[in-house]
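Participant: Structure in structure tokens, see below.
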Amino acid sequence: MGKRILSPLLREDSVLSETDREILRQLYEEEGDGTWEVVAGDDPLDERRLKRNSYTYEELCSQPQKIRETISLEKDAIKETARILTQREIHQIYMVGCGDSLAALRGTRNFLETLLEIPCKEEDPLDFAYFNSHAVDEHTLVLALSSSGRTVRVVEALLVARAKGAQTLALSNTPTSPLMQAATAGVIIHASRKGWPTQSSTSAMAAVIQLGIELGRCLGKEETDYYEAEFDKVPELMEQAITMTEEPVKTLAKKLYKKRIFFFCGGGPFYTCAEFGSAKVKEATPGYAVPVPLEEFHHYNTVKQGDPLFLIAPPGMSTQRAQETMWASRVLGGEVVLFTAEKEQDLISEADQVICLPEGEECFANFVYSIPLQLFGNYLAAEQEREARVNL
């Protein structure tokens, strides 16, 4: 490896103060090569991968419990945070995170904009910190999510937002982390991440939803009580989803484990589900997986003959385009696995395989629809590990 190039935020012309640059210098020094080293190799029996795989199922299944716990323990803090943040007019909201954290934040955008009527945008933290923060000002709220609270790019993004006068909110599993210490306010996510991210992501989503509810209450939004009542149903719906889908997903993994590429497709808040599903395959197995926005599927020949397409289409706004996606996939030779509700018979009749889920409020349904996609990555990994051990 050659000489390390300095982060632009550590240079003399940086928007950051010397104090903030020193925070970053310490983080870069502590993280060392951890800022770029890969997590696991391509061997299906890679010990680093298998170790994390071994923790994932339990963490996945305890997501409803962890959401309840996070909301119960943090509700008062979130209410006070909303009160503080609304002392100043909020004209725009940015949300930054990496990997599943970014996907989780993206999954809350539809709800936040629907209730608060404030423009809201999720951003990759590098893009935000280095390129896309020019419109940030004192009427901007920036949410930053990092489980460890030490992800260098996320800390950079929060420090840039702070330097530009924005209010900042950190969400992390780690109360004493640099991210939490640097923010205007912080919310603790009560979840573990020994396995590949599941509960750490959905519990963070839940915290942001609860923040949105409390912001709505502070801003006098009439629909707040309705959305809170609907959101209260989410953990139970997730438990139902585990019961309803685990065996069909296990069977699906046995059928598809020799495939080496998987496509996951969803629109709006359900692109988050596609990202979660894709991430679990890439993390837990050596295979390829691609998340595809629902509309973007139609602007390329996305799938080839025999490629599995996992299509997330709950009742609501995306069903019409989902139907057209199945038609297009059939022409291209793709095999559609449809995730929807039982009442969507027009969709069900078009799919190669269907996994039905319980119904709930559309803007919260991504919590529920994430469950079988996470389970698929877990069981796909188990099947591929089994085959690899047989072939030793």
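Throughout, read-outs are computed from the coordinates displayed, never taken from laboratory work. Not measured: the values here are computed from a predicted model. Neighbour counts run over all protein chains shown; Cβ positions are idealised from the backbone, glycine included.
Participant: What distance in nm lies between label points placed 7 Å from Cα along the C-beta direction at Glu228 and His299?
Facilitator: For the pair Glu228/His299, the computed spacing is 4.0 nm.
Participant: Assuming 1.567 mPa s and 4 °C, estimate D for the chain with Stokes-Einstein, Rh taken as the Kirkwood radius over Cα pairs, in µm²/s.
Facilitator: 60 µm²/s
Participant: Follow-up. Return the long-range amide H neighbours of His190 (sequence gap of 5 or more, or a different chain), with a cut-off of under 5 Å between placed amide H atoms.
Facilitator: For His190, the qualifying residues are Thr70.
Participant: Here's a follow-up. Check cross-link reach from Lys282 to the lysines: straight Cα distance under 17 Å, and skip same-chain residues fewer than eight apart.
Facilitator: Lys51, Lys194, Lys258, Lys259
Participant: Which whole-number percent is the relative contact order of the stretch 244-390 (Cα, under 8 Å, 6+ apart)?
Facilitator: Averaging sequence separation for qualifying contacts and normalising by length gives 31 percent for the stretch 244-390.
Participant: Rounded, prolate or oblate: which fits the stretch 192-245 when a ≥ b ≥ c are the square roots of the eigenvalues of the alpha-carbon gyration tensor, with rounded for a/c under 1.5 and prolate only if a/b beats b/c?
Facilitator: oblate
Participant: In nanometres, what is the gap between the two model label sites at Glu117 and His91, each 7 Å from Cα along Cα-to-Cβ?
Facilitator: Using points 7 Å along Cα→Cβ, the separation is 1.8 nm.
Participant: Figure the gain on full extension for Asn391 and Arg83 (residue separation times 0.36 nm, minus the Cα-Cα span) and round it to one decimal in nm.
Facilitator: So the extension gain works out to 104.9 nm.
Participant: Continuing with this model, one more query. Using Cα positions and a limit of under 21 Å, work out the lysines in reach of Lys221, with same-chain residues fewer than 8 apart set aside.
Facilitator: Lys75, Lys79, Lys121, Lys233
Participant: What distance in nm separates the simple spin-label points at Ser72 and His134, each placed 7 Å from Cα in the Cβ direction?
Facilitator: For the pair Ser72/His134, the computed spacing is 4.9 nm.
Participant: Next question. Using θ = phi - 60° and the Karplus form 6.51 cos²θ - 1.76 cosθ + 1.60, what ³J(HN,Hα) does each residue of the stretch 120-133 get, whole Hz, x for Gly and Pro?
Facilitator: Karplus-based 3J(HN,Hα) across the stretch 120-133 equals 9, 9, 8, 9, 4, x, 5, 4, 5, 5, 9, 10, 10, 10 Hz.
Participant: Fully extended, how many nm does the chain gain between Arg11 and Trp36 (0.36 nm per residue separation, minus their Cα-Cα distance)?
Facilitator: Fully extending the segment from Arg11 to Trp36 adds 7.0 nm.
Participant: Now for a different question. Per the Kirkwood treatment, what hydrodynamic radius in Å, one decimal, follows for the stretch 48-232 from the mean inverse distance over all distinct Cα pairs?
Facilitator: Evaluated over the stretch 48-232, this radius sits at 16.3 Å.
Participant: With Rg and the Kirkwood Rh both taken from Cα atoms, where does Rg over Rh land for the stretch 1-76?
Facilitator: Using only Cα positions, Rg/Rh for the stretch 1-76 is 1.17.
Participant: Normalising by the residue count of the chain, find the relative contact order in percent from Cα pairs under 8 Å and 6+ residues apart.
Facilitator: Dividing the mean separation by the residue count of the chain yields 18 percent.
Participant: Taking H as built 1.01 Å from N, whose amide H comes closer than 5 Å to the amide H of Gln92, not counting residues under 5 places away?
Facilitator: Result for Gln92 returns Leu141.
Participant: What shape does the stretch 272-313 take by its C-alpha gyration tensor, where a ≥ b ≥ c are the square roots of the eigenvalues and a/c under 1.5 counts as rounded, a/b above b/c as prolate, and the rest as oblate?
Facilitator: It is oblate, given that a/c is not under 1.5 and a/b is not larger than b/c.
Participant: Follow-up question, since we're still on this one. Using 0.36 nm per residue of separation minus the Cα-Cα distance, give me the extension gain between Val331 and Lys164 in nm, one decimal.
Facilitator: Extending this stretch completely gives an extra 55.1 nm.
Participant: Take each uninterrupted DSSP H stretch in the chain, measure its Cα extent along the helix axis, and return the ones at 15 Å or beyond whose mean Kyte-Doolittle hydropathy is at least 1.0.
Facilitator: In the chain, the long hydrophobic H runs are 152-163.
Participant: Same structure again: So what is the relative contact order for the stretch 48-232, in percent, with contacts set as C-alpha pairs under 8 Å and at least six apart?
Facilitator: Once normalised by length, the contact order is 29 percent.
Participant: Which of the aspartates and glutamates could be linked to Lys250 by a straight reach, that is with a Cα gap under 12 Å, when you skip same-chain ones fewer than 8 residues away?
Facilitator: Excluding near neighbours in sequence, the set is Glu383.
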